[in-house]
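Reviewing the structure listed below.
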Amino acid sequence: MNNIPFKAVAVDMDGTFENDEKNFDHQRFEKVLTKLRQNHVHFIVSSGRPLSRLRQDFYDFLDRIDIVADNGSILTKDNKIIVRHVFTYKTGIKLISFIQNNYPQILIAASGLNKSYISKKAPRYFKNSMHYFYPDVDEIGSLVNIPTSDSLTKLTLECSAELARELERKFNQTNAERIHCTTSGFNNIDVMPSRVNKGQGIKYFLRYFNVKPSELIAFGDGLNDREMIELAGFSYAMKNGHEELKKIAKYEAPSNNDMGVLQVLESYLD
């Protein structure tokens with residue numbers, strides 16, 4: 001086995017670790033993960049998906065991986081939440097109202113610590129998609145009536161990714177509690193509390209593990225992976241990834257449909 005030049009692995013999910021059918025090779029991953037752990041290399045899933053979805057995706061591996069969920073809003077270790085970043089309830093509702101009033105065409109899924117929420121009036125195709133990504137979703141009459149007992153970690157908006165900067169700028173102009181908007185490139189925008197992103201979540205784990213950014217290998221395909229890719233000493237954009245991300249990454253991995261992440265990791269481990 002070659003001398004492994006990294007001590008931590010960070011992978012995005014959609015368009016990166018999973019193929020377009022939203023699957024990955026569990027047996028192949030089991031072998032890779034076993035070798036990584038034998039060499040004291042940490043494996044971190046870093047995704048815009050909510051924690052409830054990721055726990056289903058990696059059900060057989062939860063005691064051997066770490067998770068950055070909701071683009072950095074929630075971090076788990078040993079399947080326990082260790083860090084959470086949330087909007088204050090007032091700001092969360094204000095943000096939903098701002099979007100509904102200024103961009104009525106946008107469909108919203110709100111991710112909370114306890115549950116996720118979509119409107120009963122949302123189109124069927126949107127509900128079907130969100131029920132996959134948010135297994136614990138509740139359909140409610142109005143998103144401004146989200147229970148006060150919950151706290152919002154992220155909004156997912158179905159709209160043009162080009163609206164991200166405009167929406168962020170306009171909301172932040174008049175609100176002290178600021179937001180950060182990013183996109184995965186799948187015709188949507190994720191909205192989180194300011195300064196929350198995958199890169200910050202990975203930094204937390206690197207400090208915890210006493211691992212340098214130069215000892216991190218990271219894989220991504222969308223612009224919401226930018227901070228993570230910029231951080232890593234070994235950065236890979238997927239062949240199917242966003243062209244802007246390819247300009248930032250040092251290397252290119254085979255496509256997600258070819259299990260490109262596992263291919264690259266296996267080349268280091270064999």
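Among the residues of the stretch 169-188, write down those that are open to solvent by less than 50 Å² (accessible area, probe 1.4 Å), part of a helix (DSSP H, G or I) and either closer than 25 Å to LEU245 by Cα or in contact with a Leu (Cβ under 7 Å, 6 or more places away or on another chain) (or both). Once the filter is applied, which keeps residues that are open to solvent by less than 50 Å² (accessible area, probe 1.4 Å), part of a helix (DSSP H, G or I) and either closer than 25 Å to LEU245 by Cα or in contact with a Leu (Cβ under 7 Å, 6 or more places away or on another chain) (or both), the stretch 169-188 yields only PHE171. Suppose we keep only residues that are part of a loop (DSSP other than H, G, I, E, B) and open to solvent by less than 50 Å² (accessible area, probe 1.4 Å) within the stretch 209-235. Which one would you say is farthest from GLN263 (Cα to Cα)? The residue in question is VAL211. Exactly one residue out of PHE234, PHE205, PHE219 is among the hydrophobic types (A, V, I, L, M, F, W, C) and under 18 Å from VAL83 (Cα atoms): that is PHE205. Out of the residues in the stretch 136-164 that are among the β-branched types (Val, Ile, Thr) and not in a strand (DSSP E or B), which is nearest to the chain's Cα centre (by Cα)? Per the criteria, the residue is ILE146. In the stretch 189-208, the residue that is farthest from the chain's Cα centre (by Cα) out of those that are open to solvent by 30 Å² or more (accessible area, probe 1.4 Å) and closer than 16 Å to GLY220 by Cβ is LYS203.
Does ASN3 count as at pLDDT below 95 and either in a loop (DSSP other than H, G, I, E, B) or out of contact with any His (no Cβ under 9 Å at 6 or more places or on another chain) (or both)? Yes.
Taken residue by residue, the stretch 62-78 has no member that is exposed (fewer than 15 other Cβ atoms within 10 Å of the Cβ) and outside any loop (DSSP other than H, G, I, E, B). For beta carbons closer than 7 Å, sequence separation of 6+ or different chains, a first residue in the stretch 109-129 that is closer than 14 Å to ILE140 by Cα and open to solvent by less than 30 Å² (accessible area, probe 1.4 Å) and a second that is in a helix (DSSP H, G or I) and not aliphatic (A, V, I, L, M), the qualifying pairs are SER111/ASP70; ILE118/LYS127.
The values are calculated or read from the model by the stated rules, or taken from the named source; none is laboratory data. Since we're looking at a predicted model, the values are computed, not measured. In this analysis, Cβ positions are derived from the backbone assuming ideal geometry, glycine residues included, and neighbour counts consider all displayed protein chains. Only protein heavy atoms, including side chains, enter the accessible area calculation; ligands, DNA and RNA are left aside. Shrake-Rupley method; radii C 1.70, N 1.55, O 1.52, S 1.80 Å.
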